[in-house]
1. Find how much the distance from Ala145 to Ala119 grows on full extension, using 0.36 nm per residue of separation minus their present alpha carbon separation; answer in nm with one decimal.
2. Percent relative contact order of the chain, based on C-alpha pairs within less than 8 angstrom and at least six residues apart?
3. In the chain, if the dipole is taken from +1 on Lys/Arg beta carbons and -1 on Asp/Glu beta carbons about the Cα centre, which of Leu51, Thr38, Val152 is farthest to the positive end?
4. If each residue of separation counts as 0.36 nm, what is the full-extension length gain between Asp165 and Leu21 once their alpha-carbon separation is subtracted?
5. Suppose R0 equals 22 Å; then what is the FRET efficiency for Ala85 and Ala158 from their Cβ-Cβ distance, rounded to the nearest 0.05?
6. From the phi angles alone, apply the Karplus equation (6.51, -1.76, 1.60; θ = phi - 60°) to region 17-22 and give each ³J(HN,Hα) in whole Hz, x where the residue is Gly or Pro.
7. How large is the dipole of the chain about the Cα centre if only Lys and Arg carry +1 and Asp and Glu carry -1, each at its Cβ, rounded to the nearest 20 debye?
8. For region 1-135, what % of the accessible area comes from carbon and sulfur atoms, probe 1.4 Å?
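The values are calculated or read from the model by the stated rules, or taken from the named source; none is laboratory data. This structure is a prediction, so every number in the text was calculated from the model and none was measured. Cβ coordinates were reconstructed from backbone atoms using ideal geometry, including for glycine residues, and neighbour counts include every protein chain displayed. Remember, those area values only see protein heavy atoms, side chains included, never the ligands or the DNA or RNA. Shrake-Rupley method; radii C 1.70, N 1.55, O 1.52, S 1.80 Å.
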Amino acid sequence: MSDLLLVCRLTLICVLAVAGLAKLRDRRRFATALGDLTYLPAAARPALAVLMPAAELIAAVLLALPRTLTAGLAVSAALCAAFSAVAVTTMLRRSSAGCPCFGSRTTVPMGPWHVARNATLTVLALLGGAIALTHGTTTPLNAPALVLAAAVAVYLTAFAVFTDDLASFFSARTGQR
C-alpha cells in the first residue's frame with residue numbers, strides 16, 4: 001500500500017507544482033482566462049488569480065513533507081474537486097472557455113477530458129488519504145518501488161499536463177471524418 005501512496009503523492013506533487021508554476025509564470029494570461037468564466041463574480045477573479053496558484057504550490061509542499069502529508073492530500077482533494085466542478089459547470093453552460101491550467105496555448109473548450117483529468121486527480125488524492133489514514137504515512141523506500149512510483153507519476157503528470165493537447169488532437173481527428 002505504501003507504494004500506491006507514493007504514486008498518489010508524487011503525481012499530485014508534480015501536477016500541482018507544474019500547474020501553480022505555469023499560472024505564476026504567465027499571471028496575466030491566467031487572469032484573462034478567468035475572465036472567460038463568466039459565472040465567476042468579476043470581483044473574485046483578481047483574488048483567484050493569486051490564490052489558485054498559491055494554493056496549488058502550498059498543497060505540493062504539504063504533500064512533500066511527511067508530517068503534513070495527510071493535510072496535503074486533503075487540500076489536493078479539495079482543489080481537484082473544485083477544478084472538476086469548474087470544468088463541469090463550464091461544459092454544462094456550453095461555454096467556449098478554455099483551461100489555462102498548465103499554461104496550454106491551445107484553445108480547446110473545457111469538456112469531458114478536463115472533467116476526467118480532474119476527477120482522476122481527485123480520486124488519487126482521496127485514495128492517498130485513505131491509505132494514509134488506514135496504513136500510516138511512513139513509506140519504507142526501496143529503489144525499485146521508488147523508480148516505479150516515479151515513472152508512473154511522471155506518466156500521469158504528462159497526461160494531466162497535456163490534456164488540452166490530447167483533446168485538441170482527438171477533436172481535430174473526429175472533425176475530419
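1. This chain segment gains 6.8 nm when fully extended.
2. Values: 219 pairs, mean separation 62.1, N = 177.
This gives 35 percent for the chain.
3. Highest projection toward the positive end goes to Thr38.
4. Once the chain is fully extended between Asp165 and Leu21, it gains 50.0 nm.
5. Values: r = 24 Å, r/R0 = 1.11.
Efficiency, from the Cβ-Cβ distance: 0.35.
6. The phi angles translate into 5, 4, 4, x, 5, 5 Hz.
7. Numbers: 14 positive and 6 negative charges, 94 e Å.
With only Lys, Arg, Asp and Glu charged at Cβ, the dipole is about 460 debye.
8. Values: 4650 of 6630 Å².
Of the solvent-accessible surface of region 1-135, carbon and sulfur hold 70 percent.
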